[in-house]
Amino acid sequence: MSSSPPLNKTQAQQRVDQILAFRAEQQLLAEQGLLPPELQAGKVRDYHDALLQQFQHSLNIDLNDKARHLSLGMQIVSFLGALALAASLFFLFYQYWGLFGTAAQVGLLLSAPLLSLGLVVWLQRIDASGYYAKLAALVSFAAWVLNIVMLGSIFNLPASPNAFAVFALYAFTLAYWLNLRLLLAAGMLCSYIFLGARFGSWMGSYWVSTGEYPEHFLLTSLLFFLLPLKFKQQRYDGFAAIYQILSAVAFFIAILILANWGSVSYLPWSHGVIEGLYQVLGFACSALLVLYGIRQQAAKLMLTGNVFFALFLYTKFFDWWWDWLPKYLFFFLLGLTAILALLIFNRLRLAVQTAAKPDEVANV
């Protein structure tokens, strides 16, 4: 029997849910007298017991709904705790900063991220759940950012987008080390600022005004969206979804801005032509994202594509009809459009279900 590749936490949780659903159905059939006694226990149950125990010890998987709800609460609490501790560190520095000399200030700034990183290493060794290590990692990232910013202030260094590259590198390192999705998102955000600022500098604008030109972020969004296709992320729980969803959201927000305000584009055409171009691009890309999500069975990508397709459509309706249609008729047309979209999606849903039946039969 060939060994299967190791599962990440999401895949292991899905397997646990399948086992629990199987047992619930088995119990129901046994109570109705539809299951032979020899199938109600034996090797299958022993195998599932061993598998559940392995998942719980190696990946800290929740084995029931109560544990899952508590885990969600722990994630929320750890996030809020990390924010509170990072804010405490920030205000502690600023409260007593003027009391120290330059050497002491530099020493404190250099030691803060190193000590917090050491705390991450220690907590990772003693805490199997990983919540405390991840909380410390968020504090360490905040200390790293504070370190770079304050050192620049002490030595009166000019502001540079390169600092965001350093922030991103540290965030990505901690994210992949601890499988921490929040720091992955932080690393992506810093990368957006750094690459957008660099692109803006190449186009002749000052890097601080990088957010005024949405085209700075289009290429970065495409790169992040394609990255999980080139480099698989199976070992890292939820990383592929974060890459694609966040990059898709950033891409469509930039397109939506350009589709309504052509004056912020670098293209040397009239505003009307630029807006029309990006409107068509927005419709096409959002529709393609829906189809891609259907093909990959990625519900969140489908939802992202649906939301932005509707936004592009409704903004066009607003441009066309808001000024000259009665308001009741305008919203009536929006309602009819929603019904039409429901009919289309229902057809797609039936088509997907019909296409899946042969595969389901084959798997059985």
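Here region 74-200 has 74 percent of its accessible surface on carbon and sulfur atoms, given a 1.4 Å probe and all protein chains in place.
Largest to smallest in accessible area, the residues L311, L334, L169, L226 fall in the order L169, L226, L311, L334 (1.4 Å probe, all protein chains included).
In region 212-254, what percent of the accessible surface is made up of carbon and sulfur (1.4 Å probe, ligands and nucleic acids excluded)?
Percent of accessible area from carbon and sulfur atoms in region 212-254: 71.
Taking label positions 7 Å along the Cα-Cβ direction at both L99 and V280, the computed distance is 6.6 nm, reported to one decimal.
A simple spin-label model places pseudo-atoms 7 Å from Cα toward Cβ; at L114 and W320 they are separated by 6.4 nm. Remark: spin-label model distance K327-W177 equals 5.6 nm, labels positioned 7 Å along the Cα→Cβ axis. Solvent-accessible area assigned to carbon and sulfur over region 286-333 amounts to 71 percent, based on a 1.4 Å probe. Computed extension gain for D17 through L267, at 0.36 nm per residue and net of the alpha carbon distance, reaches 84.8 nm. The listed peptides 97-104, 181-188, 325-332, 198-205, ordered by packing as a protection proxy, come out as 181-188, 198-205, 325-332, 97-104 (highest mean of other Cβ atoms within 10 Å first).
A full extension of the chain between Q27 and L151 corresponds to an added length of 38.2 nm, given 0.36 nm per residue minus the alpha carbon distance. In plain terms, the chain from Y206 to L334 could stretch by 41.9 nm, reckoned as 0.36 nm per residue minus the Cα-Cα distance. On average, how much accessible surface per residue is there in region 193-313, in Å², for a 1.4 Å probe, leaving out ligands, DNA and RNA? Each residue of region 193-313 exposes 53 Å² on average to a 1.4 Å probe. With a Förster radius of 22 Å applied to the C-beta separation of L219 and Y292, the computed FRET efficiency comes to 0.70.
The values are calculated or read from the model by the stated rules, or taken from the named source; none is laboratory data. Since the structure is predicted, the reported quantities are computational estimates derived from the model, not experimental observations. Cβ sites come from the backbone with ideal geometry, for glycine too, and all protein chains shown count toward neighbours. Heavy atoms of the whole protein, side chains included, go into the accessibility calculation; ligands, DNA and RNA do not. Shrake-Rupley method; radii C 1.70, N 1.55, O 1.52, S 1.80 Å.
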